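Right, one structure below, let's go through it.
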Amino acid sequence: MKRILLAGVLAAGSAMAAYAQTDPAASGQEAGAMKLSAAECASLWNQASPDGGPISESQAAAYVTDFKAANPDGDNTLEKDEFTKACDSGLVKSAASTGAGTGEAGSANPPAEEGSKMQPGNQ
């Protein structure tokens, strides 16, 4: 009986530890935020700041989910090191989540109306 109880306690402890590792609130990340790789973060910084200088809040808006949290010195700009720390904290969105590619996929040509047939030479 003691072995069964001990096994149950260990299983519950393992499950809670696993949940804590994946819980965004426990890690300080926003829900749905995903930590980017160093290469992704560097690429996004180069897009946000082609000259490498600090970026303003409006420039950062396309990349950073919480500017105030990403800018601990409160100087209203993000330097590269602050952007990198924000990336590590899950405060930077990947390029896929910026909304840049939200168009419809498909052909540039609209479908032919029903009942009309394309005739060779009538294009």
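The numbers here are math on the coordinates, done by the rules we state, and not lab data. This is a predicted model, so every value here is computed, not measured. Methodologically, a virtual Cβ is constructed for each residue, glycine included, from the backbone with ideal geometry; neighbour enumeration extends over all protein chains shown.
Quick notes on this one:
- Under 5 Å between amide hydrogens, built in the peptide plane, is the criterion, and for residue 93 it picks out 64, 65 among residues at least 5 positions away or on other chains.
- Using 0.36 nm per residue and subtracting the Cα-Cα separation, the extra length available between residue 46 and residue 84 on full extension is 12.5 nm.
- Test item: Cα-centred dipole of the range 35-96, Lys/Arg +1 and Asp/Glu -1 on Cβ, debye: 240
- Added length on full extension, which subtracts the Cα-Cα distance from 0.36 nm per residue, residue 61 to residue 75: 3.5 nm
- Cβ-based net charge around residue 94, under 12 Å, with every Lys or Arg adding one and every Asp or Glu removing one: +1
- The range 35-96: relative contact order in percent, alpha carbon pairs under 8 Å with at least 6 residues between: 43
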